[in-house]
Amino acid sequence: MTFRLRWSIVAALALVSTGCSVQDLVLRRVADAAAGEAGVFASESDVVLAGAAIPAALKANEALLVRQPTHQGLLLSAARGFTQYAYAFVQLPADELEAADLQGAYRERQRALRLYQRARDYGLRGLRLDGTAQAGVLRRAPATALAAMGRADAELLYWTSAAWAAAVALAKDDPEMLAALPIVEAIAARADALAPDLDRGALQVFLISFETSRPGATAGSLVQARERFRKAVRLSQGRQAAPFVALAEAVAERHGEPAEFDELLRSALAVDPDATPEWRLSNHIAQRRARWLSTQKDLFFPE
């Protein structure tokens, strides 16, 4: 967070005890500012610095949510922030750690699971699906529960489904988590129906991995994944590394296409992170993943 915003949050929280309407107004304004600070991290070029700073911003977000529990911007920021942090700074390093420290990698994946669940819960709260009655309808008839959602809800639908899908992937031995897959699929499908171009292809990148990894994926799922890849590249004008990495992992690696795997990773590494500042951090993270995947090629494609 910027220096000014950080001290605005501290000052606002210090005034909470008075309980007066003026202080509530201050908190709402600070909450609005905090919810819009994602760009500060998105343009960061130092991945280590971002990983060290983001937890403080997430906790400041949660502190504000104590006083502004229904603030949509904060809820979206929390759902997005915890999902991104869990993936980029907990789960991916756990993959890299596994060869040297199996137990350490397991602990980090369990930590990532808890963070994804936290992100999912913030997303459900923002979508007004966290109450007992609403949760019951979502469980029994997801399409009915989601029917009233509009384009304004698309980003929350996306991050909720992304967090929930990632949690399910890390808890494959938990029948209750696996039973939620139809709900996750319905939420993702609703987001896709409302805003297929969301964040210039980010939703399509998520769906590349989700649709090819879920139980029951078919040859048609691979065709759809490739179409989503083309759409993501078109929407991002080829300036995001993530679509190339997603297709390399979800399709080329899993289905034995070593030449395509190499070509996709080369394309990911050819992206210039500085060409689009708002994607700088995500491109550095995707390229780090691409470099690690390249080192694992012999494991993925044994002779």
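The values are calculated or read from the model by the stated rules, or taken from the named source; none is laboratory data. These numbers were taken from a predicted model, which means no experiment stands behind them. Neighbour counts are summed over all protein chains in view; Cβ atoms, including those assigned to glycine, are modelled from backbone coordinates with ideal geometry.
Just one of the listed residues (Ala145, Ala141) is surrounded by fewer than 21 Cβ atoms within 10 Å (Cβ to Cβ), of a type outside the set (Asp, Glu), under 23 Å from Asp192 (Cβ atoms) and more than 19 Å from the chain's Cα centre (by Cα), and it is Ala141.
When each of Ala145, Ala112, Ala135 is tested for being under 30 Å from Trp279 (Cα atoms) and part of a helix (DSSP H, G or I), the lone residue that passes is Ala112.
Among helices (runs of 4 or more DSSP H) lying entirely in region 41-103, which contain 3 or more residues that are of a type in the set (A, V, I, L, M, F, W, C) and either modelled with pLDDT of 95 or more or surrounded by fewer than 16 Cβ atoms within 10 Å (Cβ to Cβ) (or both)?
Filter on region 41-103 gives 47-67, 72-86.
Looking at Val223, Val233, which is the one that is among the aliphatic types (A, V, I, L, M), out of contact with any helix residue (DSSP H, G or I) (no Cβ under 8 Å at 6 or more places or on another chain) and free of Cβ contacts under 8 Å to residues at least 40 places away in the same chain?
Details: Val233 fails: out of contact with any helix residue (DSSP H, G or I) (no Cβ under 8 Å at 6 or more places or on another chain).
Within the list Val223, Val233, the selection yields Val223.
For the residues Arg111, Arg128, the requirement of being of a type in the set (Lys, Arg) and either buried (at least 20 other Cβ atoms within 10 Å of the Cβ) or at negative phi (or both) singles out Arg111. The numbered conditions (1) in contact with a Leu (Cβ under 8 Å, 6 or more places away or on another chain); (2) in contact (Cβ under 8 Å) with a residue 24 or more places away in the chain are all true for Ala252 except (2). Number of residues in region 182-208 that are of a type outside the set (Gly, Ala, Ser), touching a helix residue (DSSP H, G or I) at 6+ places or on another chain (Cβ under 6 Å) and in a helix (DSSP H, G or I) equals 13. Between Glu257, Glu227, Glu253, Glu303, the distinction of being closer than 25 Å to Tyr85 by Cα and acidic (Asp, Glu) belongs to Glu253 only. Can you confirm whether Arg239 is in a loop (DSSP other than H, G, I, E, B) and over 16 Å from the mean Cα position of the chain (by Cα)? Against the criterion (in a loop (DSSP other than H, G, I, E, B) and over 16 Å from the mean Cα position of the chain (by Cα)), Arg239 qualifies.
Inside region 261-303, can you point out the residues that are more than 20 Å from Ile208 (Cα to Cα) and not in a helix (DSSP H, G or I)? Within region 261-303, Asp272, Thr276, Gln296, Phe301, Pro302, Glu303 meet the criteria.
Out of curiosity, is Ala268 surrounded by fewer than 15 Cβ atoms within 10 Å (Cβ to Cβ), closer than 30 Å to Gly220 by Cβ and aliphatic (A, V, I, L, M)? Walk me through how you get there before you give the answer.
Numbers: surrounded by fewer than 15 Cβ atoms within 10 Å (Cβ to Cβ): no; closer than 30 Å to Gly220 by Cβ: yes; aliphatic (A, V, I, L, M): yes.
Judged against the criteria, Ala268 is not a match.
Per the listing Ala219, Ala186, Ala232, the residue uniquely surrounded by fewer than 18 Cβ atoms within 10 Å (Cβ to Cβ) and hydrophobic (A, V, I, L, M, F, W, C) is Ala219.
Only one of the numbered conditions (1) touching an Asp or Glu at 6+ places or on another chain (Cβ under 9 Å); (2) within 23 Å of Glu98 (Cα to Cα) is violated by Leu281, and that is (2).
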